[in-house]
Amino acid sequence: MKFKTIIMGAVASTLMTSLTHEVLAQQLPTRLQQIQQLKWQQVAPGVWKTIIGKADQVNYMSLRRRSVQIDGLKSLPLANFPLDLTKIAGTAGANKAFVRLPMADDEKIYGMGLQFKGVRRDHKRYRMEMSWYHGGNEKTHAPVPFYVSSKGYGVLINSISNVEFFFNNTYRPDSDKLPVKRDRTTDRKWTHKAQGKYVEASVNGDGLEVIVFAGPTLMNVVQRYNLYSGGGVLPPKWGLGFWDRAHTKHSQDFITNAIKEYKTHKMPLSVMGVEPGWQTKTYPSTLAWDNSRFPDPKKFVTSLKNQGIYVNLWEHPYLHPESPLYKQIEPLSASHLVYQGIVPDLTLAKTRKVFQDYHQKIHLDIGIAGYKLDEVDERFPGHVFFPGGLNGEQYSNIQGLLYQKTMVEMYDRQNLRTYGLVRASNAGAASSPFVLYSDHYNHEDFIAALCNSSLSGILWTPEIRSAGNEREWVRRMQAVCMSPLAMLNAWSSGKKPWSFKKVENEIRTAINLRMSLLPYIYTTFAQYRFTGQPPVRSMLLNYNIENADQFMLGDSLLVAPIIWGKHKNDTREVILPKGKWYDFYTGKYVGNDQKIKVTVSLDKMPLFVKNGGIIPMINPVMNPDQIKENTKLTLRHYGDVPSEFMLYDDDGKTFNYQNKEFSITRFSVVKDEYNNKLVGKITGKYGSYKPFYGDVKWLFMTK
Ligand code: GAL
């Protein structure tokens, strides 16, 4: 009997097993079919979205500062859905939502936020999660789950949970082209290489939203993404001048004196950053003025403003018990502390209001022009609870965005533009006027981050802090002056631009070049605002070149910095895309569709202009406030072909440009009918704003 029972049990369990397999086998096709039925909705020209499972209430697009810029999107080429619909599948269940998209054998993937190494992202499994960057690979404090494909489309996983991506790295029974099965026992040379022909992405939770952006070009993909995110940032003009951040312990008097030194040294300056020391206590912070170092903040801010210098304040959101905000924020804060301070839940309108009312009164009302929002790249444990309902994982990914939103709303309400710094960001941030920075200091990584950030709607500054020697000081300064935010961050070094005496002239030349280029840079940002083309552009965007050590600044200027630690003896290789290229300084032809080796003296960085490039320039000013009416404008033309440049201008401070108070001047270079020489003229003026320039001079750089 006993024996019988055992036998019966074994048979039963065998039966059970095969039955289970049968049932699963029957269910398999149905499950696959089910995940293939995704409904796509066109949400803007060339942009489609689908929701798999249950949509989250908070997502990146719900945190946008501005809504979709439909006009800009309408002006892009008409585009069809860029992927094979039948190959897209998705499902949600068991606390996972996932999407699968087709991927061709030769397809390459770029983007994915602020990345410090190379440009390719397809050869790996990527986990996009907030992480303080120490220099390791694939860690980022702007983990934007958006990728751009070499096939001319882009995909955003619009979910604030961590996203796990697999590129050609997963199999399903229904995968195309499954590799031939081999027997490892007899075929020992065989190594398993995952090749799934799909992109798969997943998040923890009940659902996810997928947004697909059409091209056809990589630039068009990025434009659509940026315009869908509200359009790019148009900073106030002062934001594009030179920035200094004083040592954290420096007082109001010390800083005021340092500014006098800027004048003595004839160094431009338009923003002075005040680091933690403006507060009574930091880490955690009180957010209260320290009266011993800053006895009269209003006087301090006003006296700087009268000299065309704007004040930016450092802060983080973690509150000290002595903070005047503490009591109000305590019930609105997270379950855990950071730096022993309470963490305000900025998803709650009430929290944001407490923050805004306070900052308005003690800062904006006395003229503080912007903020450096530090330490928001905190990665909270997943189980941290926020009273608004989010968990630590979700909040980590958006804390930077929420802080930006909180601060920018105050300026928006006052019809004032701001421009600041932030140490964490994410998707949908193109319209948010904050630039990323980090505590990392590898120059090569800094330049790679400049290139990569342009693929994800974020801005980055390769800030200069200090240097081991004069040459490093100059090379770092030159690079940062060609970036979205030209800043010396001396919070710890206390350095000034003239700290390395022997190279003071070279430093002045680098900063002055930025000041001279302001009309060009401002127009480039206007392109970002209205057309979504980023100011700094990876070589992928216009030229399909995979490179992370040179980039385009605007339409015409190719910037190839001498990277400290990488390029030795002032020499480097530069990739010149198809088309003729010219030396910025001399106008001489340098090459076409080739790699060249260049050596430059310390006072120069390698800069090239494309054929027909027109670069509007002014004489260097100490700060953008000095660009008054009737400033002399020089238009440099390079190369041998007719071309044009649309110069953008407005008041540089408010949003009145949104009510048509701007100007666009069309500068054209044409061939003279009689002598066939190139001549320059103004061929159109649009808009009601009176532009800054008076005399116009043409300089044909290529003889
Ligand atoms: C760091 C920040 C630095 C500086 C410093 C002040 O977290 O990255 O730029 O602001 O804090 O304590």
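Coordinate-derived values only; no laboratory data. Worth saying up front: this structure is predicted, and the values here are computed from it rather than measured. Cβ coordinates were reconstructed from backbone atoms using ideal geometry, including for glycine residues, and neighbour counts include every protein chain displayed.
In what sequence, highest mean first, do 76-86, 43-53 appear when ranked by Cβ atoms within 10 angstrom?
Values: 76-86: 13.5, 43-53: 19.5.
Ranked by mean Cβ neighbours within 10 Å, highest first: 43-53, 76-86.
Below 8 Å between Cα atoms, with a sequence gap of 6+, how large is the relative contact order for the range 482-604 in percent? Mind dumping the intermediate values first?
On the way: 137 pairs, mean separation 22.4, N = 123.
Averaging sequence separation for qualifying contacts and normalising by length gives 18 percent for the range 482-604.
If you plug each phi of the range 400-406 into the Karplus form 6.51 cos²θ - 1.76 cosθ + 1.60 with θ = phi - 60°, what whole-Hz ³J(HN,Hα) values come out, in order, with x for Gly and Pro?
These are the phi-based 3J(HN,Hα) values: x, 5, 5, 5, 4, 4, 4 Hz.
Set Lys and Arg Cβ to +1 and Asp and Glu Cβ to -1, take the dipole of the chain about its Cα centre, and tell me which of Pro276, Pro616, Ser229 lies farthest positive.
Value: Pro616.
Roughly how big is the chain's charge dipole about its Cα centre, with Cβ charges of +1 (Lys, Arg) and -1 (Asp, Glu), in debye to the nearest 20?
Working: 89 positive and 64 negative charges, 183 e Å.
It comes to approximately 880 debye.
Over the range 251-343, what is the relative contact order in percent, taking alpha-carbon pairs closer than 8 angstrom and at least six residues apart?
Relative contact order of the range 251-343: 30 percent.
Count neighbours as other Cβ atoms within 10 Å of each site's Cβ, and list the trypsin sites (Lys or Arg not before Pro) in the range 525-577 that are DSSP loop with at most 10 such neighbours. Write out the running numbers ahead of the final one.
On the way: sites: Arg529, Arg537, Lys566, Lys568, Arg572; in loops: Lys566, Lys568.
Those satisfying the criteria are Lys568.
Tell me, what is the percent relative contact order of the chain, built from C-alpha pairs under 8 Å that lie six or more residues apart?
13
Pairing the Cα long axis of helix 518-531 with the longest principal axis of the chain, what angle in degrees results, from 0 to 90 and rounded to the nearest 10?
Roughly 30 degrees, rounded to the nearest 10.
How far is helix 218-228 tilted, in degrees, relative to the longest principal axis of the Cα atoms in the chain, given as a value from 0 to 90 rounded to the nearest 10?
On a 0 to 90 degree scale, this one is about 90.
Any idea what angle helix 470-480 forms with the longest principal axis of the chain, computed on alpha-carbon atoms, 0 to 90 degrees, nearest 10?
On a 0 to 90 degree scale, this one is about 70.
Can you divide the C-alpha Rg of the chain by 2.2 N^0.38 Å and report the result to two decimal places?
Values: Rg = 27.6 Å, N = 703, 2.2 N^0.38 = 26.6 Å.
My calculation over the Cα atoms of the chain gives 1.04.
Non-local amide H neighbours of Val435 (under 5 Å, H modeled in plane, Pro and chain starts lacking H): which ones?
Gly420, Leu421, Val422
Which longest run of the chain has no exposed loop site in it, a site being GluC sites (Glu not before Pro) in a DSSP loop with at most 10 other beta carbons within 10 Å, and the site itself not part of the run?
Values: sites that count: Glu629, Glu673.
With GluC sites (Glu not before Pro) excluded where exposed in loops, the chain gives 1-628 as its longest stretch.
Using the number of other C-beta atoms within 10 angstrom as an exposure proxy, rank Leu678, Leu450, Leu402 with the fewest first. Let's see the in-between values first.
Numbers: Leu678 18, Leu450 29, Leu402 23.
The fewest-first ordering by Cβ neighbours comes to Leu678, Leu402, Leu450.
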